[in-house]
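The values are calculated or read from the model by the stated rules, or taken from the named source; none is laboratory data. Nothing here was measured: the structure is a model prediction, and the numbers come from that model. Positions of Cβ are generated from backbone atoms using ideal geometry, with glycine treated the same way; all protein chains shown enter the neighbour counts. Heads up: the accessible areas ignore ligands, DNA and RNA and are worked out on the full protein's heavy atoms, side chains in. Shrake-Rupley method; radii C 1.70, N 1.55, O 1.52, S 1.80 Å.
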Amino acid sequence: MSEIDVASEVEEVLHHPASAPAVEKPYPNPAYAWYVVAVLVVAYTFSFIDRQILSLLVGPMKRDLGLSDTQVSLLQGIAFAAFYTIMGLPIGRMVDRRHRVSIIAIGVFAWSLMTALSGTAKVYWQLFVYRMGVGVGEAALTPAAYSIISDYFPPKRLGVAIGVYGMGVYIGAGLALVIGSIAINIATGIGDVTLPLVGHIYSWQLVFFVVGLPGLAIALWVRTLREPDRRGHIRRETGADGVTRDAEVPFREVLAYIRANARTFLTMNLCFALLAMMAYGTSAWVPTFFVRTYGWTAVEAGQTYGLIIVVFGTLGVVSGGAAGDFVCARGYRNGRIIVMALTGLVTLPFAVAFPLMNDPRIAMALLAPASFFATFTTGVGPSALQEMMPNQMRGFASALSGLIVNFIGLGLGPTSIALVTDYVFQDEQMLRYSLAYVPPVVLIVAAIIGFLCVRPYVVSLDYLQAWSDKNEKQ
(Lines give C-alpha, C1' and ligand atoms only; values in the text may rest on other atoms or scores of the structure.)
Protein backbone atom coordinates (compact mmCIF):
# COMPACT_ATOMS: atom_id res chain seq x y z
CA MET A 1 0.00 0.00 0.00
CA SER A 2 1.32 3.46 -0.91
CA GLU A 3 1.48 5.90 1.98
CA ILE A 4 0.34 8.69 -0.32
CA ASP A 5 -2.93 6.86 -0.99
CA VAL A 6 -3.88 6.50 2.67
CA ALA A 7 -6.61 9.15 2.52
CA SER A 8 -8.34 7.58 -0.46
CA GLU A 9 -8.22 4.14 1.16
CA VAL A 10 -9.80 5.47 4.33
CA GLU A 11 -12.54 7.06 2.25
CA GLU A 12 -13.18 3.61 0.76
CA VAL A 13 -13.46 2.10 4.23
CA LEU A 14 -15.94 4.81 5.20
CA HIS A 15 -18.29 3.26 2.66
CA HIS A 16 -17.26 -0.37 3.31
CA PRO A 17 -16.51 -0.58 7.03
CA ALA A 18 -14.60 -3.55 8.39
CA SER A 19 -15.40 -5.53 11.47
CA ALA A 20 -14.91 -4.02 14.91
CA PRO A 21 -11.36 -3.87 16.26
CA ALA A 22 -10.04 -6.52 18.57
CA VAL A 23 -10.84 -6.31 22.27
CA GLU A 24 -8.11 -4.51 24.19
CA LYS A 25 -6.75 -4.98 27.66
CA PRO A 26 -8.68 -3.34 30.49
CA TYR A 27 -7.66 0.17 31.49
CA PRO A 28 -5.16 0.40 34.37
CA ASN A 29 -6.30 0.61 37.97
CA PRO A 30 -8.04 4.01 38.41
CA ALA A 31 -6.15 4.74 41.63
CA TYR A 32 -2.81 4.29 39.90
CA ALA A 33 -4.01 6.29 36.89
CA TRP A 34 -4.82 9.25 39.15
CA TYR A 35 -1.45 8.82 40.87
CA VAL A 36 0.19 9.21 37.46
CA VAL A 37 -1.81 12.38 36.83
CA ALA A 38 -0.76 13.73 40.23
CA VAL A 39 2.91 13.20 39.42
CA LEU A 40 2.45 14.88 36.05
CA VAL A 41 0.69 17.82 37.73
CA VAL A 42 3.72 18.30 40.00
CA ALA A 43 6.01 18.26 36.96
CA TYR A 44 3.76 20.70 35.10
CA THR A 45 3.63 23.01 38.11
CA PHE A 46 7.42 23.18 38.31
CA SER A 47 7.69 23.70 34.56
CA PHE A 48 5.49 26.77 34.82
CA ILE A 49 7.42 28.11 37.80
CA ASP A 50 10.70 27.68 35.93
CA ARG A 51 9.14 29.33 32.88
CA GLN A 52 7.74 32.35 34.73
CA ILE A 53 10.36 33.03 37.38
CA LEU A 54 12.56 35.08 35.05
CA SER A 55 9.89 37.73 34.51
CA LEU A 56 9.75 38.33 38.27
CA LEU A 57 13.49 39.02 38.52
CA VAL A 58 13.75 41.65 35.82
CA GLY A 59 14.76 44.53 38.11
CA PRO A 60 17.74 42.99 39.92
CA MET A 61 18.78 41.09 36.80
CA LYS A 62 18.97 44.25 34.71
CA ARG A 63 20.85 46.03 37.47
CA ASP A 64 23.50 43.39 38.14
CA LEU A 65 24.06 42.10 34.59
CA GLY A 66 23.62 45.46 32.89
CA LEU A 67 20.84 44.29 30.57
CA SER A 68 18.47 46.34 28.46
CA ASP A 69 14.70 45.82 28.17
CA THR A 70 15.26 44.36 24.72
CA GLN A 71 17.75 41.80 26.02
CA VAL A 72 15.36 40.80 28.80
CA SER A 73 12.49 40.46 26.31
CA LEU A 74 14.61 38.12 24.19
CA LEU A 75 15.20 35.91 27.22
CA GLN A 76 11.46 35.78 27.90
CA GLY A 77 10.48 35.46 24.24
CA ILE A 78 12.72 34.04 21.54
CA ALA A 79 15.16 32.20 23.82
CA PHE A 80 12.35 30.24 25.47
CA ALA A 81 9.25 30.36 23.28
CA ALA A 82 10.91 29.74 19.90
CA PHE A 83 12.72 26.63 21.06
CA TYR A 84 9.74 25.50 23.14
CA THR A 85 7.38 25.54 20.15
CA ILE A 86 9.75 24.46 17.37
CA MET A 87 11.39 21.61 19.31
CA GLY A 88 7.93 20.41 20.29
CA LEU A 89 7.38 19.07 16.77
CA PRO A 90 10.25 16.52 16.61
CA ILE A 91 9.70 15.66 20.26
CA GLY A 92 6.01 15.15 19.57
CA ARG A 93 6.94 12.73 16.80
CA MET A 94 9.15 10.84 19.28
CA VAL A 95 6.19 10.63 21.67
CA ASP A 96 4.29 8.65 19.04
CA ARG A 97 7.13 6.16 18.57
CA ARG A 98 9.13 5.88 21.79
CA HIS A 99 8.84 5.35 25.56
CA ARG A 100 6.86 8.38 26.73
CA VAL A 101 7.71 8.20 30.43
CA SER A 102 11.40 8.35 29.59
CA ILE A 103 10.83 11.34 27.30
CA ILE A 104 9.12 13.24 30.11
CA ALA A 105 11.78 12.28 32.67
CA ILE A 106 14.59 13.46 30.37
CA GLY A 107 12.70 16.69 29.68
CA VAL A 108 12.14 17.42 33.39
CA PHE A 109 15.80 16.73 34.12
CA ALA A 110 16.93 18.97 31.25
CA TRP A 111 14.81 22.02 32.04
CA SER A 112 15.49 21.75 35.79
CA LEU A 113 19.24 21.55 35.22
CA MET A 114 19.13 24.51 32.84
CA THR A 115 17.11 26.54 35.34
CA ALA A 116 19.63 25.83 38.09
CA LEU A 117 22.52 26.68 35.75
CA SER A 118 20.86 30.04 35.11
CA GLY A 119 21.91 30.88 38.64
CA THR A 120 25.56 30.59 37.59
CA ALA A 121 25.36 32.89 34.53
CA LYS A 122 27.99 35.62 34.57
CA VAL A 123 27.16 37.18 31.21
CA TYR A 124 24.11 37.58 29.01
CA TRP A 125 24.86 34.92 26.40
CA GLN A 126 25.13 32.24 29.09
CA LEU A 127 21.68 33.10 30.42
CA PHE A 128 20.34 33.08 26.86
CA VAL A 129 21.67 29.56 26.23
CA TYR A 130 20.27 28.28 29.50
CA ARG A 131 16.84 29.72 28.68
CA MET A 132 16.99 27.92 25.33
CA GLY A 133 17.63 24.71 27.27
CA VAL A 134 14.63 25.36 29.51
CA GLY A 135 12.43 25.73 26.42
CA VAL A 136 13.71 22.52 24.83
CA GLY A 137 13.23 20.55 28.05
CA GLU A 138 9.71 21.79 28.67
CA ALA A 139 8.72 20.95 25.09
CA ALA A 140 8.88 17.27 26.07
CA LEU A 141 6.23 17.40 28.78
CA THR A 142 2.75 18.22 27.51
CA PRO A 143 2.57 16.19 24.24
CA ALA A 144 3.80 13.11 26.11
CA ALA A 145 1.57 13.79 29.12
CA TYR A 146 -1.57 14.09 26.98
CA SER A 147 -0.71 10.85 25.20
CA ILE A 148 -0.06 8.96 28.44
CA ILE A 149 -3.22 10.25 30.13
CA SER A 150 -5.25 9.22 27.09
CA ASP A 151 -4.01 5.64 27.57
CA TYR A 152 -4.65 5.59 31.31
CA PHE A 153 -8.28 6.78 31.19
CA PRO A 154 -11.33 5.71 29.14
CA PRO A 155 -12.77 8.40 26.85
CA LYS A 156 -15.64 9.17 29.21
CA ARG A 157 -13.13 10.27 31.90
CA LEU A 158 -10.55 11.87 29.62
CA GLY A 159 -11.76 15.47 29.91
CA VAL A 160 -11.58 15.51 33.70
CA ALA A 161 -8.16 13.81 33.72
CA ILE A 162 -6.62 16.27 31.25
CA GLY A 163 -8.34 19.11 33.09
CA VAL A 164 -6.72 18.06 36.36
CA TYR A 165 -3.36 17.93 34.58
CA GLY A 166 -3.98 21.48 33.33
CA MET A 167 -4.24 22.66 36.95
CA GLY A 168 -0.46 22.72 36.96
CA VAL A 169 -0.47 25.98 34.97
CA TYR A 170 -2.53 27.85 37.56
CA ILE A 171 -0.87 26.30 40.59
CA GLY A 172 2.49 27.17 39.04
CA ALA A 173 1.37 30.72 38.32
CA GLY A 174 0.37 31.22 41.94
CA LEU A 175 3.57 29.72 43.33
CA ALA A 176 5.62 31.82 40.92
CA LEU A 177 4.08 34.97 42.39
CA VAL A 178 4.90 33.81 45.92
CA ILE A 179 8.45 32.77 45.05
CA GLY A 180 8.95 35.97 43.08
CA SER A 181 7.96 38.08 46.09
CA ILE A 182 10.40 36.17 48.29
CA ALA A 183 13.10 36.59 45.66
CA ILE A 184 12.66 40.34 45.56
CA ASN A 185 12.99 40.51 49.34
CA ILE A 186 16.13 38.38 49.22
CA ALA A 187 17.63 40.45 46.44
CA THR A 188 17.06 43.71 48.28
CA GLY A 189 18.03 42.51 51.75
CA ILE A 190 21.07 40.26 51.21
CA GLY A 191 24.38 40.93 49.55
CA ASP A 192 26.23 38.77 47.10
CA VAL A 193 26.71 35.08 47.88
CA THR A 194 29.62 32.66 47.41
CA LEU A 195 28.73 29.00 46.87
CA PRO A 196 31.02 25.94 46.77
CA LEU A 197 32.00 24.97 43.20
CA VAL A 198 29.94 27.84 41.83
CA GLY A 199 31.72 30.82 43.32
CA HIS A 200 30.38 34.35 43.50
CA ILE A 201 26.74 34.91 42.48
CA TYR A 202 24.19 37.63 43.05
CA SER A 203 21.61 37.00 45.74
CA TRP A 204 18.70 36.86 43.29
CA GLN A 205 20.44 34.06 41.38
CA LEU A 206 19.80 31.78 44.34
CA VAL A 207 16.18 31.68 43.22
CA PHE A 208 17.16 29.71 40.12
CA PHE A 209 18.72 27.04 42.36
CA VAL A 210 15.67 27.01 44.65
CA VAL A 211 13.21 26.35 41.82
CA GLY A 212 15.53 24.32 39.56
CA LEU A 213 17.21 21.72 41.76
CA PRO A 214 13.99 20.08 43.08
CA GLY A 215 13.16 19.27 39.48
CA LEU A 216 16.07 16.81 39.33
CA ALA A 217 14.34 14.73 42.01
CA ILE A 218 11.00 15.08 40.20
CA ALA A 219 12.65 13.68 37.06
CA LEU A 220 13.64 10.56 38.99
CA TRP A 221 10.13 10.33 40.41
CA VAL A 222 8.59 10.54 36.93
CA ARG A 223 10.92 7.77 35.73
CA THR A 224 9.30 5.35 38.22
CA LEU A 225 5.92 5.63 36.45
CA ARG A 226 4.74 2.71 34.37
CA GLU A 227 4.44 3.23 30.62
CA PRO A 228 0.81 2.41 29.72
CA ASP A 229 -0.16 0.19 26.83
CA ARG A 230 -1.12 2.17 23.77
CA ARG A 231 -4.81 1.76 23.17
CA GLY A 232 -7.64 3.10 21.08
CA HIS A 233 -7.03 3.58 17.38
CA ILE A 234 -3.67 1.95 16.57
CA ARG A 235 -2.05 0.49 13.49
CA ARG A 236 -1.23 -3.16 14.04
CA GLU A 237 0.33 -5.82 11.87
CA THR A 238 0.70 -9.59 12.14
CA GLY A 239 4.24 -10.87 11.67
CA ALA A 240 5.45 -14.12 10.14
CA ASP A 241 5.31 -15.68 13.60
CA GLY A 242 1.58 -15.01 13.79
CA VAL A 243 1.98 -12.44 16.59
CA THR A 244 0.10 -9.13 16.21
CA ARG A 245 2.16 -6.08 17.17
CA ASP A 246 1.79 -2.30 17.04
CA ALA A 247 3.17 -1.02 13.73
CA GLU A 248 4.87 2.31 13.21
CA VAL A 249 2.99 4.98 11.25
CA PRO A 250 5.25 6.77 8.74
CA PHE A 251 5.51 10.54 9.12
CA ARG A 252 4.18 11.17 5.63
CA GLU A 253 1.01 9.37 6.64
CA VAL A 254 0.69 11.49 9.78
CA LEU A 255 0.79 14.60 7.60
CA ALA A 256 -1.68 13.03 5.16
CA TYR A 257 -4.07 12.29 8.03
CA ILE A 258 -3.92 15.88 9.31
CA ARG A 259 -4.45 17.23 5.79
CA ALA A 260 -7.48 14.97 5.34
CA ASN A 261 -8.93 16.46 8.54
CA ALA A 262 -7.62 19.97 7.95
CA ARG A 263 -10.95 21.73 8.44
CA THR A 264 -11.48 20.16 11.85
CA PHE A 265 -7.86 20.60 12.92
CA LEU A 266 -7.69 24.26 11.89
CA THR A 267 -11.03 25.39 13.29
CA MET A 268 -10.49 23.54 16.56
CA ASN A 269 -7.03 24.96 17.12
CA LEU A 270 -7.94 28.48 15.98
CA CYS A 271 -10.81 28.50 18.46
CA PHE A 272 -8.47 27.22 21.18
CA ALA A 273 -5.78 29.76 20.20
CA LEU A 274 -8.13 32.75 20.19
CA LEU A 275 -9.51 31.81 23.59
CA ALA A 276 -5.93 31.54 24.82
CA MET A 277 -5.17 34.92 23.22
CA MET A 278 -7.94 36.50 25.26
CA ALA A 279 -6.79 34.81 28.46
CA TYR A 280 -3.08 35.64 28.03
CA GLY A 281 -3.83 39.19 26.93
CA THR A 282 -6.14 39.92 29.84
CA SER A 283 -3.93 38.33 32.49
CA ALA A 284 -0.88 40.24 31.23
CA TRP A 285 -2.55 43.63 31.70
CA VAL A 286 -4.93 43.18 34.64
CA PRO A 287 -2.38 44.13 37.35
CA THR A 288 -1.35 47.25 35.40
CA PHE A 289 -5.04 48.08 34.84
CA PHE A 290 -5.66 48.11 38.60
CA VAL A 291 -2.58 50.26 39.18
CA ARG A 292 -3.47 52.84 36.51
CA THR A 293 -7.24 52.92 36.99
CA TYR A 294 -7.72 52.46 40.73
CA GLY A 295 -4.34 53.46 42.17
CA TRP A 296 -3.56 50.06 43.63
CA THR A 297 0.03 49.06 44.20
CA ALA A 298 1.56 46.40 41.97
CA VAL A 299 1.83 44.05 44.97
CA GLU A 300 -1.86 44.48 45.87
CA ALA A 301 -3.01 43.89 42.32
CA GLY A 302 -0.65 40.98 41.69
CA GLN A 303 -1.41 39.10 44.87
CA THR A 304 -5.19 39.56 44.65
CA TYR A 305 -5.39 38.63 40.98
CA GLY A 306 -2.93 35.79 41.53
CA LEU A 307 -5.23 34.29 44.15
CA ILE A 308 -8.18 34.50 41.74
CA ILE A 309 -6.18 32.74 39.03
CA VAL A 310 -5.11 29.95 41.37
CA VAL A 311 -8.59 29.31 42.75
CA PHE A 312 -10.94 30.01 39.86
CA GLY A 313 -8.52 29.10 37.08
CA THR A 314 -7.96 25.71 38.68
CA LEU A 315 -11.69 25.14 39.17
CA GLY A 316 -12.38 26.25 35.60
CA VAL A 317 -9.94 23.94 33.86
CA VAL A 318 -11.31 20.89 35.71
CA SER A 319 -14.92 21.97 35.25
CA GLY A 320 -14.38 22.50 31.53
CA GLY A 321 -13.05 18.98 31.12
CA ALA A 322 -15.93 17.60 33.18
CA ALA A 323 -18.47 19.56 31.14
CA GLY A 324 -17.08 18.08 27.93
CA ASP A 325 -17.31 14.57 29.37
CA PHE A 326 -20.88 15.27 30.52
CA VAL A 327 -22.12 16.48 27.14
CA CYS A 328 -20.44 13.55 25.36
CA ALA A 329 -22.09 11.14 27.80
CA ARG A 330 -25.47 12.58 26.76
CA GLY A 331 -24.94 11.29 23.24
CA TYR A 332 -23.28 14.29 21.59
CA ARG A 333 -20.12 12.97 19.93
CA ASN A 334 -18.95 16.54 19.38
CA GLY A 335 -19.76 17.52 22.97
CA ARG A 336 -16.25 18.77 23.73
CA ILE A 337 -16.29 21.10 20.72
CA ILE A 338 -19.71 22.43 21.72
CA VAL A 339 -18.39 23.25 25.20
CA MET A 340 -15.29 24.92 23.77
CA ALA A 341 -17.35 27.08 21.40
CA LEU A 342 -19.75 28.08 24.18
CA THR A 343 -16.79 29.08 26.37
CA GLY A 344 -16.33 32.28 24.38
CA LEU A 345 -19.98 33.30 24.74
CA VAL A 346 -20.23 32.49 28.46
CA THR A 347 -17.03 34.43 29.24
CA LEU A 348 -18.08 37.43 27.15
CA PRO A 349 -20.30 39.42 29.60
CA PHE A 350 -17.76 39.23 32.41
CA ALA A 351 -14.89 40.18 30.08
CA VAL A 352 -16.81 43.27 28.92
CA ALA A 353 -17.97 44.34 32.37
CA PHE A 354 -14.96 44.14 34.68
CA PRO A 355 -12.81 46.91 33.13
CA LEU A 356 -15.72 49.35 33.09
CA MET A 357 -16.50 49.16 36.81
CA ASN A 358 -15.95 52.23 38.98
CA ASP A 359 -15.40 50.12 42.09
CA PRO A 360 -12.18 48.03 42.00
CA ARG A 361 -13.71 45.44 44.32
CA ILE A 362 -16.55 44.81 41.87
CA ALA A 363 -14.05 44.66 39.00
CA MET A 364 -11.95 42.07 40.82
CA ALA A 365 -15.10 40.11 41.74
CA LEU A 366 -16.11 39.95 38.07
CA LEU A 367 -12.66 38.59 37.20
CA ALA A 368 -13.51 35.47 39.22
CA PRO A 369 -16.20 34.14 36.82
CA ALA A 370 -14.24 35.49 33.84
CA SER A 371 -11.21 33.43 34.90
CA PHE A 372 -13.39 30.42 35.69
CA PHE A 373 -15.07 30.22 32.28
CA ALA A 374 -12.05 31.34 30.25
CA THR A 375 -10.05 28.33 31.44
CA PHE A 376 -12.69 25.78 30.36
CA THR A 377 -10.90 25.32 27.06
CA THR A 378 -7.68 24.19 28.77
CA GLY A 379 -9.43 21.00 29.81
CA VAL A 380 -11.78 20.45 26.91
CA GLY A 381 -9.59 21.46 23.93
CA PRO A 382 -6.70 19.01 24.36
CA SER A 383 -9.06 16.15 25.22
CA ALA A 384 -11.02 16.79 22.00
CA LEU A 385 -7.77 16.65 20.03
CA GLN A 386 -6.74 13.36 21.64
CA GLU A 387 -10.17 11.93 20.87
CA MET A 388 -9.98 12.65 17.12
CA MET A 389 -6.42 11.39 16.45
CA PRO A 390 -5.04 7.85 16.16
CA ASN A 391 -2.88 6.91 19.14
CA GLN A 392 0.36 6.96 17.14
CA MET A 393 -0.30 10.49 15.89
CA ARG A 394 -1.36 12.17 19.13
CA GLY A 395 2.07 13.41 20.19
CA PHE A 396 2.81 15.22 16.93
CA ALA A 397 -0.74 16.58 16.71
CA SER A 398 -0.46 17.94 20.27
CA ALA A 399 2.88 19.57 19.49
CA LEU A 400 1.52 21.17 16.31
CA SER A 401 -1.53 22.36 18.21
CA GLY A 402 0.75 23.83 20.88
CA LEU A 403 2.71 25.72 18.23
CA ILE A 404 -0.49 27.32 16.89
CA VAL A 405 -1.96 28.09 20.31
CA ASN A 406 1.25 29.53 21.76
CA PHE A 407 2.06 31.58 18.67
CA ILE A 408 -1.38 33.22 18.59
CA GLY A 409 -2.13 33.17 22.32
CA LEU A 410 1.22 34.23 23.76
CA GLY A 411 2.44 36.06 20.70
CA LEU A 412 -0.60 38.22 19.98
CA GLY A 413 -2.57 38.32 23.24
CA PRO A 414 -0.69 40.90 25.34
CA THR A 415 0.51 42.83 22.27
CA SER A 416 -2.97 43.29 20.76
CA ILE A 417 -4.18 45.12 23.87
CA ALA A 418 -1.02 47.24 24.04
CA LEU A 419 -1.36 48.25 20.38
CA VAL A 420 -4.92 49.49 20.88
CA THR A 421 -3.87 51.46 23.95
CA ASP A 422 -0.85 53.03 22.24
CA TYR A 423 -2.14 53.64 18.72
CA VAL A 424 -5.94 53.86 18.94
CA PHE A 425 -6.50 55.61 22.27
CA GLN A 426 -2.92 56.97 22.50
CA ASP A 427 -3.24 57.24 26.27
CA GLU A 428 -2.06 54.65 28.79
CA GLN A 429 -4.87 55.68 31.13
CA MET A 430 -7.32 54.33 28.54
CA LEU A 431 -6.12 50.77 29.14
CA ARG A 432 -9.50 49.92 30.63
CA TYR A 433 -11.18 50.50 27.28
CA SER A 434 -8.63 48.38 25.44
CA LEU A 435 -9.49 45.59 27.88
CA ALA A 436 -13.20 46.20 27.34
CA TYR A 437 -13.01 46.11 23.53
CA VAL A 438 -10.26 43.73 22.39
CA PRO A 439 -10.97 40.54 24.42
CA PRO A 440 -14.73 40.55 23.65
CA VAL A 441 -14.07 40.81 19.90
CA VAL A 442 -11.63 37.91 20.16
CA LEU A 443 -14.16 35.86 22.16
CA ILE A 444 -16.90 36.36 19.57
CA VAL A 445 -14.61 35.33 16.71
CA ALA A 446 -13.45 32.30 18.74
CA ALA A 447 -17.06 31.21 19.35
CA ILE A 448 -17.95 31.54 15.64
CA ILE A 449 -14.93 29.46 14.61
CA GLY A 450 -15.71 26.93 17.35
CA PHE A 451 -19.26 26.40 16.05
CA LEU A 452 -17.85 26.01 12.54
CA CYS A 453 -15.93 23.02 13.92
CA VAL A 454 -18.97 21.21 15.36
CA ARG A 455 -20.01 19.32 12.21
CA PRO A 456 -16.52 18.67 10.77
CA TYR A 457 -15.52 17.16 14.12
CA VAL A 458 -18.11 14.39 13.74
CA VAL A 459 -16.83 13.72 10.21
CA SER A 460 -13.31 13.43 11.63
CA LEU A 461 -14.48 10.93 14.26
CA ASP A 462 -15.99 8.82 11.47
CA TYR A 463 -12.75 9.13 9.52
CA LEU A 464 -10.83 7.97 12.59
CA GLN A 465 -13.03 4.89 12.96
CA ALA A 466 -12.58 4.03 9.29
CA TRP A 467 -8.81 4.44 9.64
CA SER A 468 -8.89 2.16 12.68
CA ASP A 469 -10.98 -0.51 10.95
CA LYS A 470 -8.60 -0.57 8.00
CA ASN A 471 -5.48 -0.77 10.13
CA GLU A 472 -6.86 -3.41 12.48
CA LYS A 473 -7.14 -5.72 9.45
CA GLN A 474 -3.45 -5.47 8.53
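The table below gives the values:
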{"item": "Calculated over the chain: convex hull of Cα atoms, volume per residue (Å³)", "result": "152 Å³"}
{"item": "Rounded tilt (10° steps) of 360-374 against the dominant C-alpha axis of the chain", "result": "20 degrees"}
{"item": "With all protein chains modelled, accessible area of residue 271 [1.4 Å, Å²]", "result": "0 Å²"}
{"item": "The chain: relative contact order in percent, alpha carbon pairs under 8 Å with at least 6 residues between", "result": "25 percent"}
{"item": "Solvent-accessible area per residue, Å², over the chain with all protein chains present [probe radius 1.4 Å]", "result": "42 Å²"}
{"item": "Dipole magnitude of the range 81-169 about its Cα centre (Cβ charges: Lys, Arg +1; Asp, Glu -1), debye to nearest 20", "result": "80 debye"}
{"item": "Prolate/oblate/rounded call for the range 332-436, Cα gyration tensor, a/c under 1.5 rounded", "result": "oblate"}
{"item": "Helical contribution to [θ] at 222 nm, DSSP H n ≥ 4, -39,500 (n - 2.57), averaged over the chain, rounded to 500", "result": "-24000 deg cm²/dmol"}
{"item": "Accessible area of the chain belonging to carbon and sulfur atoms, whole % at 1.4 Å probe", "result": "67 percent"}
{"item": "Extended-chain gain in nm, criterion 0.36 nm per residue less alpha-carbon gap, residue 86 and residue 248", "result": "56.0 nm"}
{"item": "Summed residue charge, Cβ within 11 Å of residue 454's Cβ, Lys/Arg positive, Asp/Glu negative", "result": "+3"}
{"item": "Burial order of peptide ranges 429-440, 314-325 (average beta-carbon count within 10 Å, highest first)", "result": "314-325, 429-440"}
{"item": "Helix 214-223 axis, angle to the chain major axis (alpha carbon atoms, nearest 10°)", "result": "10 degrees"}
{"item": "Extended-chain gain in nm, criterion 0.36 nm per residue less alpha-carbon gap, residue 217 and residue 462", "result": "83.9 nm"}
{"item": "Euclidean distance of C-alpha centroids, the range 115-140 and the range 446-471, integer Å", "result": "40 Å"}
{"item": "Spin-label model distance (nm) - residue 299 vs residue 455, 7 Å beyond Cα toward Cβ", "result": "5.8 nm"}
{"item": "Contour excess over end-to-end distance, with Cα ends at residue 194 and residue 29 and 0.36 nm allotted per residue", "result": "54.5 nm"}
{"item": "Acute angle (nearest 10 degrees) that the helix 30-52 long axis makes with the longest principal axis of the chain, alpha-carbon atoms", "result": "40 degrees"}
{"item": "The range 293-392: trypsin sites (Lys or Arg not before Pro) in DSSP loop, at most 11 other beta carbons within 10 Å", "result": "330"}
{"item": "R0 of 45 Å, Cβ-Cβ distance residue 229-residue 428: FRET efficiency to nearest 0.05", "result": "0.20"}
{"item": "Residues in the range 374-396 that a label on residue 332 would reach, taking backbone N under 19 Å of a point 7 Å out along Cα→Cβ", "result": "374-388"}
